[in-house]
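Participant: Encoded as structure tokens, here's the structure I'll be asking about.
The values are calculated or read from the model by the stated rules, or taken from the named source; none is laboratory data. No experiment lies behind these values; they were computed from the predicted model shown. Positions of Cβ are generated from backbone atoms using ideal geometry, with glycine treated the same way; all protein chains shown enter the neighbour counts.
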């Protein structure tokens, strides 16, 4: 039972996700399934971002960099054997003239993203919080400029098409579950704890023997790997890769999801992505319109973005720490701090709910 | 154990410490007192490696340590509780204590030390799974002390342990400091007020404008007028 209690923060996220996916797989239409798959891939990315930003308290605007690097890397290895020598003539010969199996291609692409995260982190993690945030944004701009102009290798700003599409909703779910487990194990590990301590108080954390630099670098690298995984999934879900997809729009959408769910907990990341994905999809459908009897009802185009902005504003005003308030879900029948057992049926949050003194 | 010789440190063009000499021997409780801006916090920050001195030298257990980072010094047994109860507010009491023990590898001993600090500070056992930010000021100070004890330091430095606490709570904190000293822990404590330090101090330094203006053992300073005079900057005869 204690094991179950310890794993509860993960199980409470994974089991409902699996339930939803199963329901969609059984009863949902193809379009619902597509939307859900995309949301799960976004979840993988959001958790990658959370591993760094949530635990360190430093928002990164540059994680799309690692996503893009992995997506292009897998495209180079698996895409369009016939066209590659012509459209991407600048690739090294052994990549240009060969097509690699999917799994090794995915793994090497993820590894490349992780290596780039580590290398850039060597420099960026020396900066203090706000400068580090801005410099991650700069990193993304650098990559964007390079990939949009490196025509012989990336096809510039045109879209690479013809990647094998193998990411089903179950593969996306599997990856999401995997990264949830990784993120949880990391955050309760020694290094995760140190980084969270440094987030709360840099001076005291240093005085307790924490190296700000190394604890941040480790998280940054790990989150680079996970963002790379999201990049591979995106590429093999869409079947296309275009640098425009790995830029500001997507970055801010996912940062918004984290902010709304609650930046400082894993549960927040999952809740934020799910909630916003559902809202976006509902209003996108309302924009397209539906018919009641003979009358066609639809809301004006663009209201989806407005409503999203409105929700974000409300959250920031009334619940600054996000929907989950920086807390993990906790086993509801555990013994409380004061020794009383919480009643059955009440879901308690990981931290005691008393207001801060 | 700790020798500070002619240490100079400051912030940019402002020199906060102008050649300070301080010695702490094993098992002592040494107090550094002085008014605002005397350089007390700068002294502790520099010794603990959060700031780099611009002159002089610091020796800890015989070795030069000036210019080393706080993580390194912490591993060598030098612990600092910074001013103003630096605890990790959104982490639980348990996690706060775990961070303290992070630099140690001997998990069995960490566990027994954990029991020891929870016996010393029973309130922390009561609130073990609760968030540290929900503790009261005195409880937070106790948590900060408990956390640094778990580092098993040879020397513990505390910056104003009584800051912002009610007199009764200060008694508790000082009580626990005395108990810790009795177990063999060496303490270097900075305080602003001279009021309560006599009961605990083995030696006292008075710092004014970045210089030591008076030092002496407790016995030598039983006549507090000299202490007050140094503190307020009168000449002793006038006082």
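Participant: Across the stretch A:265-322, what is the total count of residues that are more than 19 Å from residue A:50 (Cα to Cα) and not in a helix (DSSP H, G or I)?
Facilitator: Within the stretch A:265-322, residues that are more than 19 Å from residue A:50 (Cα to Cα) and not in a helix (DSSP H, G or I) number 14.
Participant: Continuing with this model, one more query. What about residue B:44, is it within 24 Å of residue B:205 (Cα to Cα) and within 9 Å of chain A (Cβ to nearest Cβ)?
Facilitator: Against the criterion (within 24 Å of residue B:205 (Cα to Cα) and within 9 Å of chain A (Cβ to nearest Cβ)), residue B:44 does not qualify.
Participant: Of the numbered conditions (1) over 20 Å from the mean Cα position of the chain (by Cα); (2) touching a residue at least 12 places away in the same chain (Cβ under 8 Å), residue A:326 satisfies every one except a single condition; which is it?
Facilitator: (1) is the only condition that residue A:326 fails.
Participant: Ok, one more. When you look at residue A:173, is it within 14 Å of chain B (Cβ to nearest Cβ), closer than 30 Å to residue A:55 by Cβ and surrounded by 15 or more Cβ atoms within 10 Å (Cβ to Cβ), yes or no?
Facilitator: no
Participant: Considering only the stretch B:104-112, I want to know if a residue exists there that is touching a helix residue (DSSP H, G or I) at 6+ places or on another chain (Cβ under 8 Å), within 11 Å of chain A (Cβ to nearest Cβ) and surrounded by fewer than 17 Cβ atoms within 10 Å (Cβ to Cβ).
Facilitator: yes
Participant: Sticking with this one: Since residue A:47 meets every condition but one in (1) over 15 Å from the mean Cα position of the chain (by Cα); (2) buried (at least 22 other Cβ atoms within 10 Å of the Cβ), which condition does it not meet?
Facilitator: (1)
Participant: Would you mind finding the one in B:53, B:122, B:153 that is more than 9 Å from chain A (Cβ to nearest Cβ), in contact with a helix residue (DSSP H, G or I) (Cβ under 7 Å, 6 or more places away or on another chain) and farther than 20 Å from residue A:199 by Cα?
Facilitator: B:53
Participant: Still on this structure: Residue A:136 - would you say it is out of contact with any strand residue (DSSP E or B) (no Cβ under 7 Å at 6 or more places or on another chain) and either over 29 Å from residue A:84 (Cβ atoms) or within 14 Å of chain B (Cβ to nearest Cβ) (or both)?
Facilitator: Taking the combined requirement at face value, the residue satisfies it.
Participant: So, one more: So residue A:241 passes all but one of these: (1) at pLDDT 90 or above; (2) over 19 Å from residue A:47 (Cβ atoms); (3) surrounded by fewer than 18 Cβ atoms within 10 Å (Cβ to Cβ). Which condition number does it fail?
Facilitator: (3)
Participant: Looking at this structure, is residue B:161 buried (at least 21 other Cβ atoms within 10 Å of the Cβ), more than 9 Å from chain A (Cβ to nearest Cβ) and either farther than 28 Å from residue A:325 by Cβ or within 22 Å of the chain's Cα centre (by Cα) (or both)?
Facilitator: For residue B:161, the condition - buried (at least 21 other Cβ atoms within 10 Å of the Cβ), more than 9 Å from chain A (Cβ to nearest Cβ) and either farther than 28 Å from residue A:325 by Cβ or within 22 Å of the chain's Cα centre (by Cα) (or both) - is met.
For (1) assigned to a helix (DSSP H, G or I); (2) within 14 Å of another protein chain (Cβ to nearest Cβ); (3) at pLDDT 95 or above, each residue gets a yes or a no:
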residue	(1), (2), (3)
A:194	yes, yes, no
A:203	yes, yes, no
A:222	yes, no, yes
A:236	yes, no, yes
A:258	yes, no, no
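Participant: Could you tell me whether any residue of the stretch A:238-253 is within 14 Å of another protein chain (Cβ to nearest Cβ) and either in contact with a helix residue (DSSP H, G or I) (Cβ under 9 Å, 6 or more places away or on another chain) or in a loop (DSSP other than H, G, I, E, B) (or both)?
Facilitator: Looking for residues that are within 14 Å of another protein chain (Cβ to nearest Cβ) and either in contact with a helix residue (DSSP H, G or I) (Cβ under 9 Å, 6 or more places away or on another chain) or in a loop (DSSP other than H, G, I, E, B) (or both), one finds none in the stretch A:238-253, hence no.
Participant: Considering only helices (runs of 4 or more DSSP H) fully contained in the stretch A:46-133, which possess at least 3 residues that are modelled with pLDDT of 95 or more?
Facilitator: Of the helices (runs of 4 or more DSSP H) lying wholly inside the stretch A:46-133, those with at least 3 residues that are modelled with pLDDT of 95 or more span A:64-78, A:102-124.
Participant: Might you let me know whether the stretch B:34-41 holds any residue that is at pLDDT below 85 and under 30 Å from residue A:265 (Cα atoms)?
Facilitator: Among the residues of the stretch B:34-41, not one is at pLDDT below 85 and under 30 Å from residue A:265 (Cα atoms), which makes the answer no.
Participant: Go through (1) modelled with pLDDT of 85 or more; (2) under 27 Å from residue A:176 (Cα atoms); (3) away from chain B (no Cβ under 13 Å); (4) surrounded by 15 or more Cβ atoms within 10 Å (Cβ to Cβ) for residue A:286 and report which single condition fails.
Facilitator: Only one criterion in (1) modelled with pLDDT of 85 or more; (2) under 27 Å from residue A:176 (Cα atoms); (3) away from chain B (no Cβ under 13 Å); (4) surrounded by 15 or more Cβ atoms within 10 Å (Cβ to Cβ) is unmet by residue A:286, namely (2).
Participant: Still on this structure, I have one more. Considering every residue within the stretch B:134-142, establish whether at least one is within 15 Å of the chain's Cα centre (by Cα) and either away from every other protein chain (no Cβ under 14 Å) or surrounded by 15 or more Cβ atoms within 10 Å (Cβ to Cβ) (or both).
Facilitator: yes
Participant: Got a sec? Which of B:181, B:209 is in contact with a strand residue (DSSP E or B) (Cβ under 9 Å, 6 or more places away or on another chain) and either closer than 27 Å to residue B:19 by Cα or surrounded by fewer than 17 Cβ atoms within 10 Å (Cβ to Cβ) (or both)?
Facilitator: B:209
Participant: Looking at B:46, B:54, can you tell me which residue is under 16 Å from the mean Cα position of the chain (by Cα) and more than 25 Å from residue B:198 (Cα to Cα)?
Facilitator: Among B:46, B:54, only B:46 is under 16 Å from the mean Cα position of the chain (by Cα) and more than 25 Å from residue B:198 (Cα to Cα).
Participant: Run residue B:148 past the list (1) within 11 Å of chain A (Cβ to nearest Cβ); (2) more than 13 Å from the chain's Cα centre (by Cα) and report the number of the one that doesn't hold.
Facilitator: Single failed check for residue B:148: (2).
Participant: Taking the stretch B:56-83, which residues are modelled with pLDDT of 85 or more, at the interface with another protein chain (Cβ under 9 Å from one of its Cβ atoms) and in a loop (DSSP other than H, G, I, E, B)?
Facilitator: B:82
Participant: I'm trying to understand the selection: among the residues of the stretch B:215-229, which are within 19 Å of residue B:20 (Cβ to Cβ) and at pLDDT below 75?
Facilitator: B:221, B:227 - these are the residues of the stretch B:215-229 that are within 19 Å of residue B:20 (Cβ to Cβ) and at pLDDT below 75.
Participant: Assuming residue A:163 fulfils every condition listed in (1) within 30 Å of residue A:33 (Cβ to Cβ); (2) more than 19 Å from the chain's Cα centre (by Cα); (3) modelled with pLDDT of 95 or more apart from one, which condition is it?
Facilitator: (3)
Participant: Here's something else I'd like to know. When you go through B:129, B:26 one by one, which is the residue that is more than 14 Å from every other protein chain (Cβ to nearest Cβ) and either buried (at least 16 other Cβ atoms within 10 Å of the Cβ) or within 29 Å of residue B:202 (Cβ to Cβ) (or both)?
Facilitator: B:26
Participant: Can we say residue A:4 is at pLDDT below 90 and not in a loop (DSSP other than H, G, I, E, B)?
Facilitator: Here the answer is yes, as residue A:4 does meet what is asked.
Participant: Any residue that is touching a helix residue (DSSP H, G or I) at 6+ places or on another chain (Cβ under 9 Å), more than 16 Å from residue B:151 (Cβ to Cβ) and not in a strand (DSSP E or B) - is there at least one of those in the stretch B:11-23?
Facilitator: no
Participant: In the stretch B:84-103, what count of residues is obtained for those that are surrounded by fewer than 19 Cβ atoms within 10 Å (Cβ to Cβ), in contact (Cβ under 8 Å) with a residue 40 or more places away in the chain and more than 9 Å from chain A (Cβ to nearest Cβ)?
Facilitator: Of the residues in that region, 1 qualify.
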